[in-house]
1. Given that just one value was derived from the coordinates, which of (i) 55, 35, 34; (ii) 97, 47, 35; (iii) 50, 39, 37 is Cα extents along the principal axes in Å?
2. Starting from the stretch 94-146, pick out the trypsin sites (Lys or Arg not before Pro) whose DSSP state is loop and whose Cβ has at most 16 other Cβ atoms within 10 Å.
3. Using θ = phi - 60° and the Karplus curve 6.51 cos²θ - 1.76 cosθ + 1.60, what whole-Hz ³J(HN,Hα) does each residue of the stretch 111-117 get, with Gly and Pro shown as x?
4. Sum -39500 (n - 2.57) across every DSSP H segment of at least 4 residues in the chain, then divide by the residue count to get the 222 nm mean residue ellipticity, nearest 500.
5. Sorted by average packing, counted as other Cβ atoms within 10 angstrom per residue and highest first, what order do 157-168, 241-252, 38-49 take?
6. For the stretch 93-133, go through all pairs of different Cα atoms, get the mean of 1/r, take its inverse, and jot down that Kirkwood value in Å.
7. Per-residue HN-Hα couplings for the stretch 204-216, Karplus 6.51 cos²θ - 1.76 cosθ + 1.60 at θ = phi - 60°, whole Hz, x for Gly and Pro?
8. Round to the nearest 0.05 the FRET efficiency obtained for GLU103 and ALA82 when R0 = 35 Å and r is the Cβ-Cβ distance.
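A short reminder: the numbers here are calculations on the coordinates, not readings from a lab. In this text the structure is predicted, and so the values were computed from the model without any measurement. Note that each Cβ is placed from the backbone with ideal geometry, even for glycine, and that neighbours are counted across all protein chains shown.
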Amino acid sequence: MTIDYVHGYSELEARRLGDQANALAALLHEGTSYPAGSKVLEVGCGIGAQTVHLVASSPGARIVAVDVNDASLAQARARVAATAPDAQVEWCRADLFDLPFPEASFDHLFVCFVLEHLRDPQRALVELRRLLRPGGTITAIEGDHGSALFHPDSAAARAAINCQVQLQSTAGGDALIGRKLQPLLANAGYGGITVQARPVYADQSLPELVEDFTRNTFIAMIESIGDDALAAGLTTPDHWRRGMADLHRTTEPGGTFHYTFFKAMAANPPGFRGSSALSC
């Protein structure tokens, strides 16, 4: 299974992912730390933007970071080596639906901004549950583009955001998946599910958040799909320019921007046994 990553693998996208992870580290990683010696699987680690924060919050944990893209893994290794050269991280290139680990290999799973890109996120959660020891935990974090609220409001800006939602859907993903984490986990057999809304809000009194999240993370993401949206006939050049201008207006004096991430935590119920698999 090859993930169709709608945002691409450019240097600009790598920078955007790093900006996003750093801007949201406290918001998304609060309450997530793993005991020394525990074995943690990070699924879809990408360029390591979240891995560096996992390492920082759980320095004694043994992290196995998996991604399907060789170039992303190389960037992840370099990123972690630059910030935490002594970190216990094992890197593995593998497909999420064909992970080469025995059942019950891990104490914890960390899945951040991955399910949104999958054609069958529930199947992925079932497969991952096989790798989790009974009583082990999963943390899944996703955004939801339907939660974007801003002032001044603009139909053109909302239409630009919807272009990204439609393109991701066409690629087999779901940019509205945050609101669906609880039923996805429940239907995949997890128990003890809790979901927390983690909103981010920015206005001129929070200039760093305006710069790092509103402008460099969210708006940059929408801007990056402009050519694809035009090619797909989802918008026109005039409508696109108006939408992006109105989104940028939210970063100026008098503008505000709000977005909600969803952080779900759940456990693998005792007594579950999956099928065997080969070791990596």
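1. Calculated Cα extents along the principal axes in Å: the matching label is (i).
2. Those satisfying the criteria are ARG119.
3. Per-residue couplings from phi come out as 10, 10, 6, 10, 4, 4, 9 Hz.
4. Working: 10 runs with 97 residues, N = 280.
-10000 deg cm²/dmol, from helical runs alone.
5. Working: 157-168: 19.9, 241-252: 18.3, 38-49: 24.5.
Peptide ranking by packing, descending: 38-49, 157-168, 241-252.
6. Details: mean 1/r = 0.0934 Å⁻¹.
One over the average 1/r among Cα pairs gives 10.7 Å for the stretch 93-133.
7. So the Karplus estimates, Gly and Pro as x, are 5, 7, 10, x, 5, 6, 4, 6, 7, 9, 4, 7, 8 Hz.
8. Working: r = 35 Å, r/R0 = 0.99.
Calculated transfer efficiency: 0.50.
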